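Read the structure below first, then the notes.
Any read-out appearing in this document is the output of simple, stated calculations on the displayed coordinates, not a laboratory observation. Worth saying up front: this structure is predicted, and the values here are computed from it rather than measured. Ideal geometry is used to build each Cβ from the backbone, glycine not excepted, and the neighbour counts take in all protein chains shown.
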Amino acid sequence: MLKLGVNIDHVATLRQARYATMLESNNAEPDIVMSALAAKRGGADSITMHVRGDRRHVQEEDVFRVKEGCNLPVNFEMASTAEMVAMALRLRPEFVCLVPENRQEITTEGGLDVSGQRETLRATVGALRDGGSKVSMFIDPEEEQVRASRDIGADMVELHTGSFANCEGAMRKEELARLTAAARVGNQLGLRINAGHGINYENLEELFEIPHLVELNIGHSIVSRAVMTGMEQAVREMVVIMGRYTVEQ
Ligand code: PXP
């Protein structure tokens, strides 16, 4: 069965919108561990979190708390920097996914240029594998990038589905063909094939034509759905408490 990695970065985005400097406040919510546990109850196979250099959502302590408090594999997304390698070696997650990071971007934009940075990435992959993690490269669906990922010792690739999600018609078909070709090459090379970015409840089934997929990482769409499906209940619970107010006659 296709596995689901739930990316909970945007649960932390919501918390940071109010509690940016008050992570230890008793009022800080939503709780990232509770969200990971809810994802687990819903059927998640792993929990993905990305500690960015600018700490805009998930914080270092979040990943440690989720690893301890939720008995699911953690997929730690990170840029290939000395700071993040050191954090991964302390955390020892089951999986690490190396992603490009650019301070100005709203979300991860392109895939990692593995073939253009072989030597630095080979060293990062080696250190992370020595630390006990399986390492994935988040790449655009290009044969050159798949081959380079294998070449530098990665265990897996995560194929970037963002372009697929953002285009329509003939271009979308072309993008699916690129994803299919990249998945085939990766599988022949013995890499595990994951995919992610921009996947939602509407476009998910179109991806089923891609062979060899093991795990999909999905974040924004699930967190958005959670807000919408939970709003009615959240309001109802507040109204129940307000109902206890008695007006003085
Ligand atoms: N995979 C990677 C490598 C990502 O950077 C992200 C976004 O953080 C995702 C998957 C999840 O993308 P989305 O939030 O669009 O589902």
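Key figures
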| read-out | value |
| --- | --- |
| Mean Cβ count within 10 Å, highest first, over the residues of peptides 116-124, 58-66, 139-147 | 139-147, 58-66, 116-124 |
| Integer Hz, Karplus 6.51/-1.76/1.60 couplings in order for the stretch 206-212, x for Gly and Pro | 5, 6, 5, 7, 7, x, 6 |
| Among 235-247, 82-94, the order from most to least packed when residues are scored by Cβ within 10 Å on average | 82-94, 235-247 |
| Relative contact order of the chain, pairs being alpha-carbon contacts under 8 Å that are 6 or more residues apart, as % | 17 |
| The stretch 1-61 and the stretch 109-123: distance between their alpha carbon centers, rounded to Å | 27 |
| Kyte-Doolittle mean at least -1.0 and Cα axial length at least 18 Å: DSSP H helices in the chain | 169-188, 220-242 |
| Positive-end extreme of charge dipole, the chain - chosen from Gly230, Ala170, Ala17 (charges on Cβ) | Gly230 |
